[in-house]
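Have a look at the structure below, then the notes.
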Amino acid sequence: MQQKEILKLLKSQPSSKPVSVSGWVRAFRSNRFIALNDGSTIKNIQCVIDFENFEEETLKKITVGAAVKVEGTLVKSRGEGQNVEIQVSNIEVLGEANPEEVKLTILSPKRHSLEKLREQAHLRIRTNTFGAVMRLRSNLSFAVHEYFQKNGFYHMHTPIVTGSDAEGAGEMFRVSILDPKNPPLDEDENVNYKEDFFAKETNLTVSGQLEAETYAMGLGKVYTFGPTFRAENSNTSRHLAEFWMIEPEVAFNDLTDNMDLAEDFIKYIIQYALDNCQDDIEFLENRLLQEEKSKPQSERSEMTLSEKLHFVIDNDFERVSYTAAIDILKNSKPNKKKKFKYLIEEWGIDLQSEHERYLVEKHFKCPVILFDYPAKIKAFYMRLNDDEKTVRAMDVLFPGIGEIVGGSQREERYEVLKSKMETMGIPKEELYWYLDLRKFGTCVHSGFGLGFERLVQFVTGMGNIRDVIPYPRTPGNAEF
Ligand code: 4AD
Ligand code: MG
């Protein structure tokens, strides 16, 4: 007999043909009704047992958390809330779950805090919340590939171990096999990385951009979607030390094309989620409504989760220059009343998330694309504007999230790039190949990076980035 997924069974019509399904027991009521879940959907299927026909021994083993295989027929449900249920003819307990031990875990059927769930990250996928979040994550990942593949982009794999610091920020995890207690030294008593595995200093990548640029110069439109690593000591609800980044790079695109691409891409992904993940979004929306009940009225959001998602799709992102944004912030109430932690006094400062969120949530009340940032606060590879003060950078800012995308038009002029690397202390010898691109058929080109987890946060409404990746890596934590 063919095993069926619960997702498919729940959409089927009652039939006298036998069916078989396996899953984990979520509840067992009155020695008669099993709520069974197999992960294919947020919904459980109800399996009805005539307990008179089953061994006492078997019934005792049907407990919350146990894995069972059920055979029976799909019949019209007599209960509320579902069309069909399984009238069980045979049940096999595949893996027991001792109720005394289950009681001590998050599998026990009561509300557990997200913090508690994080401590048992190997079990939390069996909760409704994490099932919904991770099914969405998988769907969003598929949508990313679908969008680019439909639009003529080639997927490339950029290296995970590199010798370069793409962002020039020095926040890298070293990759080395040298003995930390007794490393080989050179004449100057410094660690001699020539004797290391790669015969040079290497680190985990902070971004695939530079390598993606090389491929855009041959394939035209490329994207990479891979893990990136940052050894920044940011303990916030938006930062991970290991996160997944989507980075398209397009030859002949200028900054406006780049903004158009980012906006179109994000809207496509969100529409995909609305079209394909209705049940999970509905569940998460209700979860948020419950959570908000404990908050004062003023802190509750004005829109439900699906309203927020529709809002992003239906409205143009506001495009605002950094200079205009600074004016808005300077004259804003929180700045005048000294409510910002970092007051906006002069042009040129880096924006903090409190400023980004003010612009998005209070001033414009929609996603915002900030562009033309001061050259001094942005990476070396961004194209210098004619004012020689600003660069063709763009950040996409989202409500509740802040920066979700960072990108730019790239500096395609050899001399300008070279002198910028010199003044910003970027090693030209290391990045000779990056400079080479500007010697052989250079052209205008642009790209951006979207933090996948921040996108998953937005679509699921989860407040903490640790709850949208299976096993979060953050300062002081790499368990599992
Ligand atoms: O703004 P970032 O640092 O840009 C780059 O890395 C460029 N090389 C991208 C490019 O142009 N190809 O990072 C891009 C995005 C951010 O907007 C944010 O969404 C996410 O990556 N991000 C993080 N997400 C989670 N944890 C962190 N520590 C993150 N740092 C950046
Ligand atoms: Mg950035």
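The values are calculated or read from the model by the stated rules, or taken from the named source; none is laboratory data. Not measured: the values here are computed from a predicted model. Note that we place each Cβ from the backbone using ideal geometry, even for glycine, and neighbour counts take in every protein chain shown. The area values use the complete protein model at the heavy-atom level, side chains included, leaving out ligands, DNA and RNA. Shrake-Rupley method; radii C 1.70, N 1.55, O 1.52, S 1.80 Å.
Details
- Above-threshold pairs, the threshold being 25 Å between Cα atoms, out of LYS11/LYS308; LYS76/LYS293; LYS293/LYS333; LYS221/LYS439: LYS11/LYS308; LYS76/LYS293; LYS293/LYS333
- Note on region 74-233: Cα Rg divided by 2.2 N^0.38 Å, N the number of residues, gives 1.67.
- Under 18 Å from the Cα of LYS376 - lysines, other chains or at least 8 residues apart: LYS389, LYS418, LYS420
- Area of SER16 that stays accessible when all protein chains are in place (1.4 Å probe, Å², to 10): 110 Å²
- The average projected area of region 233-288, computed from the convex hull of its Cα atoms over all directions, is 6.3 nm².
- Using the alpha carbons alone, the radius of gyration of region 1-73 stands to its Kirkwood radius in an Rg to Rh ratio of 0.94.
- Residue-normalised accessible area of the chain, expressed per residue, 1.4 Å probe, Å²: 51 Å²
- For region 160-290: rounded, prolate or oblate by the Cα gyration tensor [a/c cutoff 1.5]: oblate
- Proximal aspartates and glutamates to LYS194, defined as alpha-carbon separation beneath 20 angstrom and excluding residues fewer than eight positions away on the same chain: ASP165, ASP179, ASP186, GLU429, GLU430
- With every protein chain in place, the chain: carbon and sulfur % of accessible area (1.4 Å): 49 percent
- Using every pair of separate Cα atoms, the Kirkwood estimate puts the hydrodynamic radius of the chain at 25.6 angstrom.
- Given charges at Cβ of Lys, Arg, Asp, Glu: region 112-181 dipole, positive-most of PRO159, PHE173, MET134: MET134
- The candidates TYR432, TYR322, arranged from most to least accessible area with a 1.4 Å probe in the full protein assembly, appear as TYR432, TYR322.
- Label-point separation, MET424 to ASN31 (7 Å along Cα→Cβ), nm: 7.3 nm
- Whole-Å distance, taken between Cα centres, linking region 348-385 and region 162-195: 34 Å
- Global geometry of region 1-143, whether rounded, prolate or oblate, following the gyration tensor of its Cα atoms and the 1.5 cut on a/c: oblate
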